[in-house]
Amino acid sequence: MRVVVLADTHLRRGSPRGLPPVALAELAKADVVLHAGDIVTGDVLEALAATAPTHAVLGNNDTELVGALPEHLVLELAGVKVGMVHDSGPRKGREARLRRNFPDADLVVFGHSHIPWNAPGVDGQWLLNPGSPTQRRSQPRPTIATLELADGRIDHPRIIPV
């Protein structure tokens with residue numbers, strides 16, 4: 001299962017800017033999309049869902065989506081337990097905090113910081129923040145993430161500059 005992971009798209013209704021072409025090309029190949037919050041409008045969520053089944057959590061800028069999206073989500077994809085949250089909290093203690101908050105998750109997807117993160121956490125849990133495809137902030141480039149899930153395995157998690 002090919003997964004495209006987004007966070008912090010911050011695309012407002014009527015905005016002339018959209019997702020970068022590289023992100024759109026990756027979405028066209030997705031079997032599933034995970035969005036770790038700050039989607040901002042339901043239009044963006046609908047557009048993502050038109051490309052592939054989409055799972056998302058509420059971000060701090062998602063006032064329009066309050067009640068439509070959960071703050072935390074746990075799901076199973078291809079035998080992999082996935083936890084999702086927008087804000088993982090401060091960098092210090094993140095790995096232990098995410099293990100406590102998602103004790104059964106093999107993979108935890110988060111956003112908020114716009115800083116890509118693709119690394120092991122505690123006890124084999126994998127932590128993934130795709131960064132932002134639209135607001136690079138302090139990063140050299142905007143980014144997304146992709147990975148493959150199969151038979152309970154997480155394969156080839158990558159951060160992709162867009």
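Annotations for the structure displayed:
- A Stokes-Einstein calculation at 20 °C with viscosity 1.002 mPa s, built on the Kirkwood radius of the chain over Cα pairs, returns a diffusion coefficient of 140 µm²/s.
- Helical runs (DSSP H, four residues minimum) scored at -39500 (n - 2.57) apiece and divided by the length of the chain put the mean residue ellipticity at 222 nm at -4500 deg cm²/dmol.
- Sequentially through the range 53-64, phi angles give Karplus couplings (6.51, -1.76, 1.60; θ = phi - 60°) of x, 10, 10, 9, 10, 6, x, 5, 9, 9, 4, 5 Hz, Gly and Pro residues having no value and appearing as x.
- As a proxy for reagent exposure, ranking Glu46, Glu76 by other Cβ atoms within 10 Å from fewest up yields Glu46, Glu76.
- Computed E for Asp155/Thr51 - FRET, C-beta separation, R0 22 angstrom, nearest 0.05: 0.55
- For the range 40-91, the spread of Cα positions along each principal axis, largest first, Å: 32, 30, 19
- Share antiparallel - DSSP beta bridges, the range 2-161, percent rounded to 5: 60
Computed from the coordinates by the stated procedures, all read-outs in this text should not be read as laboratory data. Note that the structure is predicted; figures quoted are calculated from it, not measured. So basically every Cβ, Gly included, is an ideal-geometry build from the backbone, and we count neighbours across all protein chains shown.
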